[in-house]
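Enquirer: Pasting a structure below so you can have a look.
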Amino acid sequence: MSARHKSLAFGFSRVHALLAVMVFAVEVVIATQLSHVSWIRAYLGDVLVVVLIYAAVRSVLRVNDYALLLAVFVFACSIEVMQHFHMAERLGFVRGDVMYTVIGNTFSWGDIACYAVGCATTALLVLAKSMLFSAQRQKVG
């Protein structure tokens, strides 16, 4: 089955699970040890969060990578829109609550740009991997 016509199916991927764990660890380091370096937390953290979501979902689902990346981007943007409308406060969460932190409270077009960069970079890496494996199969066959 080609990657283009891959349907939704459950299946564990060690590679994507390992990627998710590694990106999560980097995100924890950014949040706990590098919070004083504002550009890392503000930009790199947002680029990596979409990679984390992609890898976590992809670790348990066999699905078209590009469709998943689009869904991750839409999801991230919807969280950002919720920040614009201060949904965390409207739902009764207060500063310090885990959900308040997850949802956030400040809308930024820069965050959306970072999500786009993260998704686009991941898509390019998926494409490069696909092209590499395709070239290797042609040499073998």
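Enquirer: Under DSSP H, which helices of the chain have Cα atoms covering 24 Å or more of the helix axis and a Kyte-Doolittle average no less than -0.5?
Expert: On the way: long enough: 14-33 (28 Å, 1.69); 65-84 (29 Å, 1.40); 109-140 (46 Å, 0.75).
TM-like helix candidates: 14-33, 65-84, 109-140.
Enquirer: Just report the Cα centroid separation between the stretch 12-64 and the stretch 75-141, whole Å.
Expert: 9
Enquirer: Name the residues whose placed amide hydrogens come within less than 5 Å of the amide hydrogen of residue 61, ignoring near sequence neighbours (fewer than 5 apart) on the same chain.
Expert: Hits under the 5 Å cutoff: 11.
Enquirer: Starting with the highest mean, order 69-80, 112-123, 47-58 by the number of other Cβ atoms within 10 Å, averaged over the residues of each peptide. Don't jump to the answer; show the numbers that get you there.
Expert: Details: 69-80: 16.9, 112-123: 18.4, 47-58: 21.1.
In decreasing order of mean packing, 69-80, 112-123, 47-58 become 47-58, 112-123, 69-80.
Enquirer: Compute the whole-percent fraction of alpha carbon pairs in the chain spaced more than 25 Å apart.
Expert: Summing the P(r) of the chain above 25 Å gives 35 percent of all pairs.
Enquirer: State, to one decimal in nm, how far the label point of residue 140 lies from the label point of residue 35, with both points 7 Å from Cα in the Cβ direction.
Expert: 4.8
Enquirer: Let me ask something else about it. Within the stretch 54-83, which residues have the backbone N less than 20 Å from the label spot 7 Å out from residue 9 along Cα→beta-carbon, could you tell me?
Expert: Output list for this probe position: 55-69.
Enquirer: Would you mind putting 126-132, 22-28, 60-66 in packing order, based on average other-beta-carbon counts within 10 Å, highest first?
Expert: Put in order of decreasing packing, that is 60-66, 22-28, 126-132.
Read-outs: derived from the displayed coordinates by stated rules, not from any lab. What you see is a predicted model; the values in this text were computed from it and never measured. Note that each Cβ is placed from the backbone with ideal geometry, even for glycine, and that neighbours are counted across all protein chains shown.
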